[in-house]
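Notes follow the structure.
The values are calculated or read from the model by the stated rules, or taken from the named source; none is laboratory data. Predicted model only: the values in this text are computed from it and were never measured. Positions of Cβ are generated from backbone atoms using ideal geometry, with glycine treated the same way; all protein chains shown enter the neighbour counts.
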Amino acid sequence: MSKISTDKLEPSKTVLLLVDFINPLNFDGAEQIAPSALEAARQTAALRGRLAQQGVRTIYANDNYGRWTSDFKELCKHCAALRGVPGKMAKLLAPTRQDFTLLKARHSAFYGTPLNILLEQLRCKRLIVTGIAADSCVLFSAMDAYLRGYSIWVPPDCIASETEQARDMALAQMARVLKADIRPSDRLKRRDL
């Protein structure tokens with residue numbers, strides 16, 4: 001009989017959540033979102049580097065894209081081998097050994113995943129939500145985080161939608177309804193963590 005690990009996770013009051021960045025971009029509207037998704041990935045990679053220096057943990061939550069027998073490593077390998085924006089994003093934001101990865105079946109990073117349990121074990125209070133698409137999976141994930149009592153920061157330079165208008169409407173909704181902080185990622189202050 002194997003023994004269940006009871007190791008405690010190092011607390012991380014703030015957690016960086018990357019939603020659907022590891023992505024083959026093979027859906028309707030992918031051509032429209034690709035340029036802004038790549039720029040959001042670049043900004044998120046820079047933010048992740050700054051946050052890692054402060055001990056902030058990173059969690060990836062990605063669609064499984066209908067590949068029910070795959071795992072996160074397989075998804076990363078598949079997307080990294082693709083040409084263009086999908087391959088660039090997968091290489092730019094490849095998870096490290098310290099990062100956590102989850103596959104999700106629906107829009108929200110919380111729906112049907114152990115994300116909330118993981119955040120509780122990390123003693124997380126604040127979630128920085130990044131990813132694509134701002135008006136879909138990012139918005140649903142932020143809503144679910146808000147319903148669970150997390151403080152939310154959604155840096156506008158770290159999210160993308162098919163149109164700037166769709167991104168801006170989602171941001172306005174998150175700021176107004178979810179009380180999300182929507183300062184750009186370069187406005188990060190140590191006290192925010």
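Descriptive notes on the structure:
- Cross-chain or 6+ apart pairs with Cβ under 6 Å, region 160-175 first and within 21 Å of M89 (Cβ to Cβ), then of a type outside the set (D, E) and surrounded by fewer than 22 Cβ atoms within 10 Å (Cβ to Cβ): A160/S36; E162/G29; E162/Q32; L171/P156; L171/I182
- Residue satisfying condition, being more than 14 Å from the chain's Cα centre (by Cα) and in contact (Cβ under 8 Å) with a residue 12 or more places away in the chain, within set A30, A105, A41: A105
- Filtered residue count, region 79-107, keeping only those that are part of a helix (DSSP H, G or I), of a type in the set (K, R) and crowded, with 18+ Cβ neighbours inside 10 Å: 1
- Odd one out for C76, checked against (1) part of a helix (DSSP H, G or I); (2) crowded, with 17+ Cβ neighbours inside 10 Å; (3) modelled with pLDDT of 95 or more: (3)
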